[in-house]
Structure formats: C-alpha cells, structure tokens
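Participant: Below are the structure tokens for one structure; questions will follow.
Bear in mind that the values in this text are calculations on the coordinates, not laboratory data. All figures in this text were calculated on a predicted structure; none of them were measured in a lab. So basically every Cβ, Gly included, is an ideal-geometry build from the backbone, and we count neighbours across all protein chains shown.
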C-alpha cells in the first residue's frame with residue numbers, strides 16, 4: 001500500500017512538472033515557428049506550422065539587413081564578459097577576506113554587503129547616471145566609453161549577491177589545507193589561487209553563469225546609458241526593433257529568437273554547473 005501511494009505521488013509530481021514544462025517551452029516554440037512565417041500569415045493564423053509555402057527566411061534577412069546584429073552581439077559579449085570576470089575577481093577577494101580574516105569592521109562590512117542586496121537597481125540609477133555623465137562616459141557616441149558606463153553599475157549590482165554566495169561556500173571549507181600551505185611557505189595569493197579557487201570552482205562557476213546572464217539580459221541599465229545605435233547591445237537592439245517594427249510580427253519574432261538563443265545555449269551547456277554549484281553550497285553551508 002505504501003508503495004502504491006508513493007507511486008501515485010511520484011506520478012502526480014511528474015504530471016505537474018510535465019504541465020509546467022509544456023507551459024514554459026511552448027511560448028518559445030511558438031515564437032520560433034512564427035519567426036519563419038510571413039507577417040500576413042502570423043496575423044491570420046499564428047498557430048499553424050511554418051511548413052512548405054509558409055516557410056520563409058525573410059524575417060531573419062531583414063533583421064540582419066536593417067540592424068547591426070553582429071555589432072550588437074559583440075557589444076553584449078564585451079559587457080557581459082568583462083562584468084563576469086571582474087565580479088568573480090572582486091567578489092572572490094572580498095568573500096575570502098570576510099570568511100577567513102577577523103578585522104575591525106568585519107561585521108559592519110558584512111552587514112553593508114547584505115544591505116546592498118536590498119536596494120533595487122532603479123533606486124540608484126539616477127545618481128549613478130549623473131555621476132557618470134559628470135565623468136564624461138555616459139550618453140556619448142564613443143563605444144568604449146558607453147560600454148564602460150554600463151559595465152561599472154553592473155559590476156556594482158552583482159557584487160553583493162556574488163560575495164554572499166562565495167562567502168557561504170568558503171565558510172564551509174576547513175582551513176587545514178590553508179594552514180598547511182602557509183607552513184610550507186606559501187603566501188596568501190598562492191593559497192587563494194592554488195587552493196581556494198580549485199576547491200570552490202563550482203561556486204565560482206555558478207556566480208559566473210548568473211552574472212553573465214543577468215548582465216546580458218539587463219535592459220534597464222542599457223536603456224539609460226546606451227543612446228546611440230553603434231553602442232547598442234542585443235537586448236537594447238531588440239527594444240529598438242520592437243519600437244520601429246510596429247506590427248511587423250515576423251521581424252519581431254526573429255529578433256526575439258536571435259536574442260534568446262545565446263541564453264539558451266548557456267543554460268543547456270552549463271546547467272550541470274549551475275545545479276552543482278547551488279546544491280553544493282546548500283548542502284555544505
């Protein structure tokens with residue numbers, strides 16, 4: 001009887017997960033299907049399959065001809081890649097210092113890191129914009145300066161979360177190996193890069209993945225600091241296409257697919273690292 005109840009519960013769980021998966025995947029499949037159909041057909045019948053005469057690549061051709069998709073991808077990768085590397089570097093050092101060293105003001109510093117997570121991005125965007133405008137890096141046609149104006153607030157926005165994740169993982173690791181390394185003559189940097197990072201690579205991978213995806217999808221910050229077309233990222237470009245294309249649903253669907261594909265590839269190829277990092281932190285913490 002217990003076995004039957006357990007099987008029924010398991011079947012119920014699988015049913016719920018299946019329904020949830022269908023409702024999550026179907027909208028994306030619908031967008032992909034309509035991206036290969038002419039706009040006139042999308043208006044008339046958006047649920048038919050793009051097969052035979054209904055299939056066309058004109059939407060993607062138009063997307064590449066009318067807008068600089070390649071340049072937008074480059075800008076997105078430069079911003080997201082730079083933010084990810086610097087967040088991992090700064091958050092790693094900060095987390096290691098807070099987890100391993102007792103110093104005056106340690107609790108205050110830790111409290112400030114926690115408090116920083118409570119402030120949404122839109123609550124600080126105006127003073128940040130005014131500060132960067134005074135520096136001469138915001139609202140400019142210079143691509144490097146415009147990208148820098150996005151990189152700086154995104155680094156600040158990701159640091160608190162990253163420090164908390166890495167600090168919780170570091171606190172769960174015994175200090176025996178570090179003490180042995182110090183006795184062997186290693187300095188703090190050798191201990192950090194040769195012992196700490198290899199042990200916590202799953203946590204660093206988790207931080208890197210979430211930071212990259214958050215930076216890539218951060219339209220709010222990009223809307224404020226990227227005003228010229230040569231500085232647009234992929235998500236900023238999608239917003240521009242949305243405002244210009246109007247009722248050209250085929251073009252809009254193609255643009256959405258071009259924006260989402262890199263994110264899906266990251267999830268598909270790195271999902272094991274995401275699950276492993278979060279699970280390890282939860283169990284060891």
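Participant: Quick check: the angle from helix 201-217's long axis to the longest principal axis of the chain, C-alpha only, nearest 10 degrees?
Facilitator: 40 degrees
Participant: With a ≥ b ≥ c taken as the square roots of the eigenvalues of the C-alpha gyration tensor of segment 80-142, please select rounded if a/c is under 1.5 and otherwise prolate if a/b is larger than b/c or oblate if it is not? Intermediate values should be presented prior to the final figure.
Facilitator: Values: a/c = 2.67, a/b = 1.76, b/c = 1.52.
Prolate is the answer for segment 80-142, as a/c is 1.5 or above and a/b outweighs b/c.
Participant: Given the convex hull over the Cα atoms of segment 133-206, what projected area results after averaging over all orientations, in nm²?
Facilitator: Its Cα hull, projected and averaged over all orientations, spans 7.0 nm².
Participant: Continuing with this model, one more query. On a 0 to 90 degree scale, rounded to 10, what angle separates helix 249-284 from the longest Cα axis of the chain?
Facilitator: Compared with the principal axis, the helix lies near 20 degrees.
Participant: How far apart, in nanometres, would the label points at residue 106 and residue 123 be if each is projected 7 angstrom from Cα along the Cα-to-Cβ direction?
Facilitator: Calculated label separation equals 2.8 nm.
Participant: For residue 115 and residue 22, calculate 0.36 nm times their separation in residues minus their Cα-Cα distance, and state this gained length in nm to one decimal.
Facilitator: Contour length minus Cα-Cα distance gives 29.7 nm.
Participant: Average projected area of the Cα convex hull of the chain, in nm²? It would help to have the intermediate numbers written out before the result.
Facilitator: Details: hull surface 88.1 nm².
That works out to 22.0 nm², a quarter of the Cα hull's surface.
Participant: Against the longest principal axis of the chain, how steep is helix 2-35, in degrees 0 to 90 to the nearest 10, with axes from Cα atoms?
Facilitator: Roughly 60 degrees, rounded to the nearest 10.
Participant: Continuing with this model, one more query. If we sort 176-188, 128-140 on the protection proxy, mean other Cβ atoms within 10 Å, highest first, what's the order?
Facilitator: Ranking the peptides 176-188, 128-140 by packing returns 128-140, 176-188.
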